[in-house]
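To start, the structure under review is shown below, and the notes come after it.
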Amino acid sequence: MAHDDYAEIRQLAAKVAREVYGPLAEEMDRNRTPVSREQRMQLGELGFLGIAHPEEYGGSGAPLGQALAVVEEFGKVCRPAAFQIFEANTGPAQVIHHLGSEEQKQRWLPAIISGEKTMAVGISEPDAGSAATDMRTTGKLTDGIVVVNGTKRWISNGGEADQYVVYCRLSDAPGAKGIGAVLVEKGTPGFSFGASERLMGFRGIPSSDLYFDNVEVPEENVVVPAGGFSKLFGVFSIERMGNTTMSLAIGQAALDKTLKYVEEREQFGKPLIEFQSIQVMVADMVLLVEAARLLRDEAAASADAAGMPDPLKVSLAKCTANEMAKRVTDLAMQIHGGNGYTEEYGLERLHRDAHGWAIAGGTPTMQRIRIVSEMLGRKFDQRR
């Protein structure tokens, strides 16, 4: 997938990101301010929230690669704004798009695409992070009502989002077999939120616990019945493409800032770039960013007719991009010296966010296990 396939929308996204969010990004980080409803509606009007959704619900029906190009341009400038585009195009709304009924798609997707509502996903729990199938949240179905009980943790946009696709045990079958997903609306009696987490990065992207105390949801909100965990996880590979792209954006932004800096900044009477040690560090940054970009592009290009990318290619791309972003932002800070350690240059913010995107959506360690599993066509039981 050539970089210029999406040149036009990439340029528009870069312009909006730079002009609208450039001046706000540092402040959103400092005050942990999320994107406002008005700002989100504006992103919807520009068509950025429906790129990878079908036209009949208000989307553009474009390939995933186009949505990722927009996520990247925003991600370079302002991660909270990029997160809105990421969540709408690669997040839980894709579960509705791929696995929901026609009635559910008509009921929920248009409001996501317009920016009127946001949708978050609830998978992790206090005792079930990487071991997602250890989840204990239950949804008991009786007389057309699902009663949800349990706790979810590390929920990005928790407390802020209007709707939650909650992974839970919809039957008594053990392990993955009993797991499905149900949509719960904010404001439903018994559904409450913990305090907003104070994370190292991801500021401006709220995160909190979700508490379900006999929360009653109509049966027609069951998106995936019990036994659908593997299907849910298949769609989750689209979300991991979004994670990968956020990491790529962070690495690219750090590289761009560094390339500019090393030609302007002088030490010992000459520009930094004249020093061989700096040239080696900059070359390493370029190598890492380009390798991650190619793997991400290959994963995006692997999408089948239904828009599902190859899970092995996704794991390769995510693991590489996550680790690249941490390393490249670290190198950028070193090259900038004392300036890199100030908030003014924005590098420490990139570095803090790099760590968050590596943890989200499956850590690099879990991606490595998936890589071996996919390569050999074998499943490994981590419990034994």
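Using packing as a proxy for protection, rank 111-124, 367-380 so that the peptide with the highest average count of other Cβ atoms within 10 Å comes first. Provide the component values of the computation, followed by the final result.
Details: 111-124: 22.8, 367-380: 13.1.
Averaged packing, sorted descending, gives the order 111-124, 367-380.
The value of relative contact order for the range 230-376, using C-alpha pairs under 8 Å at least six residues apart, is 32 percent.
Using C-alpha pairs below 8 Å separated by at least 6 residues, the relative contact order for the chain is 15 percent.
A straight Cα-to-Cα reach below 18 Å connects residue 117 with the lysines 105, 186, residues fewer than 8 places away in its own chain not being considered. Counting neighbouring beta carbons within 10 Å and listing from fewest to most, the residues 33, 258, 151 come out as 33, 151, 258. Taking a virtual spin label 7 Å from the Cα of residue 339 along the C-beta vector, which residues in the range 269-287 bring their backbone nitrogen under 12 Å of it? Inside the label zone: 271-273. Here the residues 357, 108, ranked from fewest to most Cβ neighbours within 10 Å of their Cβ, fall in the order 108, 357. Rg/Rh, computed from the Cα trace of the range 165-219 with Rh as the Kirkwood radius, has the value 1.06. Against the chain, whose longest principal axis comes from its Cα atoms, helix 102-114 is set at around 30 degrees. Charged neighbours of residue 24, selected by a Cβ distance under 14 Å, balance to +2 (K, R count +1; D, E count -1). Give me the base-10 log of I(q)/I(0) for the range 119-227 at each q in 0.11, 0.12, 0.13, 0.19 Å⁻¹, Debye formula, one uniform scatterer per Cα, rounded to two decimals. After summing over all Cα pairs, the log10 values are -0.31, -0.36, -0.43, -0.89. With contacts taken as Cα pairs under 8 Å and at least 6 residues apart, the range 3-114 reaches a relative contact order of 30 percent.
Over all other residues within a Cβ to Cβ distance under 14 Å of residue 227, the charged ones net out to +2, with Lys and Arg as +1 and Asp and Glu as -1.
Size descriptors for the range 99-179, from the alpha-carbon set: Rg then Dmax equal 13.9, 39 Å.
With a ≥ b ≥ c the root eigenvalues of the C-alpha gyration tensor of the chain, is it rounded (a/c under 1.5), prolate (a/b larger than b/c) or oblate?
prolate
Projected onto its three principal axes, the C-alpha set of the range 246-372 covers 57, 24, 23 Å, listed from the longest axis down. Counting every Cα pair in the range 11-147, what percent are over 20 Å apart? The share of Cα pairs beyond 20 Å in the range 11-147 comes to 52 percent.
How big is the antiparallel share of DSSP beta bridges in the range 25-169, given as a percent to the nearest 5? Once the DSSP bridges in the range 25-169 are tallied, antiparallel ones form about 55 percent.
For the peptides 219-226, 16-23, the ranking by packing is 219-226, 16-23, with the highest mean count of neighbouring Cβ atoms within 10 Å listed first. Using the Cβ-Cβ distance between residue 107 and residue 41 with R0 set to 25 Å, the FRET efficiency works out to roughly 0.80. Under 13 Å from the Cβ of residue 271, count the other residues' Cβ atoms, weight Lys and Arg +1, Asp and Glu -1, and hand me the total. Charge balance near residue 271 sits at -1. Across the range 296-308, computed HN-Hα scalar couplings (Karplus, 6.51 cos²θ - 1.76 cosθ + 1.60, θ = phi - 60°) run 5, 5, 5, 5, 5, 6, 7, 4, 7, 4, 7, x, 9 Hz from first to last residue, x flagging Gly and Pro. Look at 272, 312 and count the other Cβ atoms within 10 Å of each Cβ; fewest to most, that gives 312, 272.
Only the coordinates and a few stated rules stand behind these numbers; no lab work does. Predicted model only: the values in this text are computed from it and were never measured. Counting neighbours? That spans all protein chains shown, and the Cβs are built from the backbone with ideal geometry, glycine included.
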